[in-house]
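To start, the structure under review is shown below, and the notes come after it.
The values are calculated or read from the model by the stated rules, or taken from the named source; none is laboratory data. Values in this document were obtained by computation on a predicted structure and should not be read as measured data. Cβ: placed from backbone, ideal geometry, glycine included. Neighbour counts: every protein chain shown. For accessibility, only protein heavy atoms count, side chains too; no ligands or nucleic acids. Shrake-Rupley method; radii C 1.70, N 1.55, O 1.52, S 1.80 Å.
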Amino acid sequence: MCVGCRQRAEITELVRVVAQKCDDTTGLVVDPAKTMPGRGAWLHARAECISVATRRRAFAAALRTPGLTADPEDLAEQLGVITH
Ligand SMILES: [Zn+2]
């Protein structure tokens, strides 16, 4: 299921992101091979889904990481999605 639009989708249609701690903050990193350890969140590589998931704090919930900093622009850049 996509954490943005919450629609069911095949794994091949979704991208996986995981929480990654860097210094004092925990951010999101895209897992292109879908093999990184730990909990993953799945979403469409679409601007709308990134935006909705970020606003709802869906990443923090899906990854069980309350202090997670989800930067939609950074995520869009990692996914090669145009947000503007
Ligand atoms: Zn979606």
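Specify which of the listed residues (V15, V81) is modelled with pLDDT under 95 and surrounded by 16 or more Cβ atoms within 10 Å (Cβ to Cβ).
On inspection, the qualifying residue turns out to be V81.
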Task: Matching residues, segment 53-78, being surrounded by 14 or more Cβ atoms within 10 Å (Cβ to Cβ) and in a helix (DSSP H, G or I) - done: A53, T54, A58, F59, A60, A61, A62, P72, D74, L75, A76, Q78
Open item on the list: If I ask for residues that are away from the ligand (no atom under 12 Å from the Cβ), out of contact with any helix residue (DSSP H, G or I) (no Cβ under 7 Å at 6 or more places or on another chain) and not β-branched (V, I, T), which ones from segment 57-78 would you list?
Closed with: R57, A60, A61, A62, L63, R64, G67, D71, E73, D74, E77, Q78
- [ ] For P32, indicate whether it is closer than 13 Å to L75 by Cα and modelled with pLDDT under 95.
- [x] yes
Task: Residue ID - nearest to the ligand (Cβ to nearest atom), chosen from residues in segment 9-25 that are more than 17 Å from A76 (Cα to Cα) and in contact (Cβ under 8 Å) with a residue 24 or more places away in the chain - done: A9
Task: Residues of segment 30-52 classified as away from the ligand (no atom under 16 Å from the Cβ), surrounded by 15 or more Cβ atoms within 10 Å (Cβ to Cβ) and touching a residue at least 24 places away in the same chain (Cβ under 8 Å), total - done: 0
Task: Neighbours by Cβ (under 8 Å, 6+ apart or cross-chain): first from segment 56-76, modelled with pLDDT under 95; second open to solvent by 70 Å² or more (accessible area, probe 1.4 Å) and not in a loop (DSSP other than H, G, I, E, B) - done: G67/T25; T69/T25
TODO: Could you tell me whether V3 is among the β-branched types (V, I, T) and within 13 Å of the ligand (Cβ to nearest atom)?
DONE: yes
